[in-house]
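Have a look at the structure below, then the notes.
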Amino acid sequence: MNITTLLFYFFAVVLLGSSVLVITARSTVYSALFLILAFFNAACIWMMLKAEFLAITLVLVYIGAVMVLFLFVVMMLDFDSDTVRKGFWKHVPIAGLIGAFIALEMALILMPGFRVSEAQALPADLASIPNAKLLGINVYTHYLAPLQIAAVLLLVAIIAAIALTLRGRKDSRHQDPSQQVRVKKGDRLRIIKVAPTVEQPAVPVEKNEGAA
C-alpha cells in the first residue's frame, strides 16, 4: 500500500465522519462547519483524481462563498434547534429508507463510470486541451439546460434566504421612511416654558466666640 492509497483512505474516512456529524450535530453552526470539512476532504480526493478544476471550484465556491452564506443565514435566523429536533428519532426509519433509495439510484448511475477497462480512449486532438477548457466546452454544449436549471434553483435559494432574514421581530429596531417623510417641524422640536429655579445662598455658620 503506497502513500497515495493511504491518503485516499484517510480523506475518505474523514469525509464520511464529517458527513455523519453534519446530520447528528446538535448545533446548526457545528453542522455547517462539519459540512465545510466534508467539502474540503472531497476537494482533496478530487485533487488526487487529477480533477484540479473541480477541486479548486469546490474550495472557492462552496467553502469560500456558499458555506459562508449558510453560516451567515443560520446565525441571522437564530432559531431554537431543540424545538426542530423534536420527533427526530420517530422519522429516522422513513429517512433511512429514502436515503437508501437515493444511494441506490446514485450507485446505478455512477457505477458505470468506474469501469476503467471499458473507458474509451481520449482523442488525440482533445488530449492537449486543459481540463478546465475541456470541461467548459462539454458543459456549455451538451449540458447547458441542466446548468441553467441549477442556476435558477440557486437564485431561488438566495431569494428564500433573504426572505427568511426579513421576518418581523419584536426586538429589532428599524426606521420607517414613510413616517420620516410625514414628520412636521412641531414634532421635532417643542419649546416649553419652565419656571426658573433660584438657589438660595447658603447661610454662613457662625464660629463660637470661645473658639481659638
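Every number here is computed from the coordinates shown, using simple stated rules; none is lab data. No experiment lies behind these values; they were computed from the predicted model shown. Methodologically, a virtual Cβ is constructed for each residue, glycine included, from the backbone with ideal geometry; neighbour enumeration extends over all protein chains shown.
Explain nothing, just the number: relative contact order of the chain, from Cα pairs under 8 Å at least 6 residues apart, as a whole percent. All intermediate terms of the calculation are to be shown ahead of the outcome.
Numbers: 78 pairs, mean separation 30.4, N = 212.
Relative contact order, the chain: 14 percent.
How far, in degrees from 0 to 90, does helix 67-77 lean away from the longest principal axis of the Cα atoms of the chain, to the nearest 10?
40
Starting at the first residue of the range 187-196, write each ³J(HN,Hα) from the Karplus equation 6.51 cos²θ - 1.76 cosθ + 1.60 with θ = phi - 60°, in whole Hz, x for Gly and Pro.
7, 8, 9, 9, 8, 10, 8, 10, 5, x
At what distance in nm do the modelled label points of ILE162 and ALA100 sit from each other, each positioned 7 Å from its Cα along Cα→Cβ?
4.3
Kindly rank 22-28, 58-64, 41-47 from highest to lowest mean number of other beta carbons found within 10 Å of each residue.
Values: 22-28: 13.6, 58-64: 15.7, 41-47: 19.4.
Listed from highest to lowest mean packing, they are 41-47, 58-64, 22-28.
Among [x] 6, 16, 26, 17, 9, 6, 5, 5, 4, 3, 2, 1, 0; [y] 9, 35, 36, 16, 3, 0; [z] 7, 25, 26, 22, 14, 5, 1, 0, which is the computed P(r) over Cα pairs in 10 Å bins from 0, in percent?
Among [x] 6, 16, 26, 17, 9, 6, 5, 5, 4, 3, 2, 1, 0; [y] 9, 35, 36, 16, 3, 0; [z] 7, 25, 26, 22, 14, 5, 1, 0, the one calculated here is [x].
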